[in-house]
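The values are calculated or read from the model by the stated rules, or taken from the named source; none is laboratory data. Note that the structure is a prediction, hence the values are computed from the model and not measured. We place every Cβ from the backbone using ideal geometry, glycine too, and count neighbours over all the protein chains shown.
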Amino acid sequence: MVAFPSLKPRHVLIAFGFGALSTLLASWGEIGLAFNAFPLLMPNSMDESTWAMILLAVVIAPFVEELAKPLGLYFIHSEEKADLELKEWAFLGAMAGLGFAVVENLMYAFGVIDFGTETSIWLLGLRFLLPLHMIASAISGYGIGLWVKTGKAKYFVACIAVSMLLHGAFNLAATLVG
Amino acid sequence: MMALPKGTFKGLARVILPFSFWMAAGWYAYPYMIEKISDSMNEVIDMAEVELFSTIMVVFCIIAGIGLAIYGFTGQDPKDADIKILGKPELLCPYCGKALTIDVTKCAGCGKSIPK
């Protein structure tokens with residue numbers, strides 16, 4: 001890869017694979033956090049309260065998902081001690097976001113399969129056309145790169161906070177417009 | 001606290017740039033896709049609202065993409081050493097309390113010499 005000279009295919013595979021795996025961790029994390037941190041706000045059935053759904057989509061989901069998605073990057077940082085350029089960390093972040101998006105989009109598509117295969121395919125297409133997870137994870141990945149280069153976690157915390165805000169704003173807009 | 005060198009985020013801008021235009025294309029197709037989904041689910045949606053929102057998002061994504069392209073492809077990226085220097089331990093100026101890197105001889109805040 002000419003644009004990313006220090007990147008090895010296994011780095012991309014680790015980022016993508018752990019990104020995909022992190023979808024399941026994020027699902028458990030979101031439900032666990034929602035019912036433990038906001039027990040009074042959460043209805044018995046998730047269909048009952050619009051506010052609970054907005055809280056879940058705008059606050060809890062971005063917080064948990066943005067922490068979970070770069071799982072592979074934490075692994076590359078701690079185990080491989082890879083000496084990568086900042087843009088390569090961002091690219092790995094985007095690949096982690098792609099892995100996450102593939103699994104999440106498939107889960108959403110299977111979730112509406114009762115309405116017919118056509119609905120699932122349109123929903124799958126729509127979700128792949130909006131690469132939010134890749135953008136947000138690229139920012140987080142860049143933060144991990146800055147953390148690796150400087151040894152200061154504050155840069156990672158700042159970048160992941162930006163990606164959480166971006167994700168939350170997108171989810172809020174999508175929830176309001178339907 | 002030392003600031004990041006100028007242009008630190010140029011690499012990030014170049015990585016995100018294609019996704020911005022991808023996102024613009026997605027928002028352009030959004031009303032059509034939403035219409036197809038709502039038809040297949042037999043639901044009624046206010047399409048005027050969806051179309052207005054998607055137009056706003058297309059314009060926003062294109063402007064963001066142009067901004068990222070200008071920022072990412074103009075000027076120079078900072079050297080790796082300029083970023084790694086931020087990892088050096090900091091010390092405080094004994095006269096004014098400004099945070100400095102360990103290798104400075106003069107305070108950038110008050111201008112006084114730093115005793116070794």
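Side notes on the structure shown:
- Pairs where the first residue, in the stretch A:165-178, is at the interface with another protein chain (Cβ under 8 Å from one of its Cβ atoms) and the second is outside any helix (DSSP H, G or I) and surrounded by 15 or more Cβ atoms within 10 Å (Cβ to Cβ), C-beta under 9 Å, 6+ apart: A:GLY178/B:ILE45
- Elements of the type helices (runs of 4 or more DSSP H) sitting completely within the stretch A:42-89 and holding at least 1 residues that are modelled with pLDDT of 90 or more: these cover A:61-68, A:71-75.
- Boolean, B:LEU12 is at the interface with chain A (Cβ under 10 Å from one of its Cβ atoms) and either among the β-branched types (Val, Ile, Thr) or part of a helix (DSSP H, G or I) (or both): yes
- Qualifying residue in the stretch B:43-53 (condition: over 16 Å from A:ALA174 (Cβ atoms), out of contact with any Cys (no Cβ under 9 Å at 6 or more places or on another chain), crowded, with 16+ Cβ neighbours inside 10 Å and at the interface with chain A (Cβ under 9 Å from one of its Cβ atoms)): no
- Selection count, the stretch A:99-132, where residues are within 10 Å of chain B (Cβ to nearest Cβ) and farther than 14 Å from B:ILE37 by Cβ: 2
- Every residue from the stretch B:64-83 that is within 13 Å of chain A (Cβ to nearest Cβ), within 11 Å of B:GLY7 (Cβ to Cβ) and surrounded by 13 or more Cβ atoms within 10 Å (Cβ to Cβ): B:GLY72, B:ASP77, B:PRO78, B:ASP82, B:ILE83
- Restricting attention to the stretch A:144-164 and to residues that are in a helix (DSSP H, G or I) and free of Cβ contacts under 8 Å to residues at least 12 places away in the same chain, the residue that is farthest from the other protein chains (Cβ to nearest Cβ) turns out to be A:ALA161.
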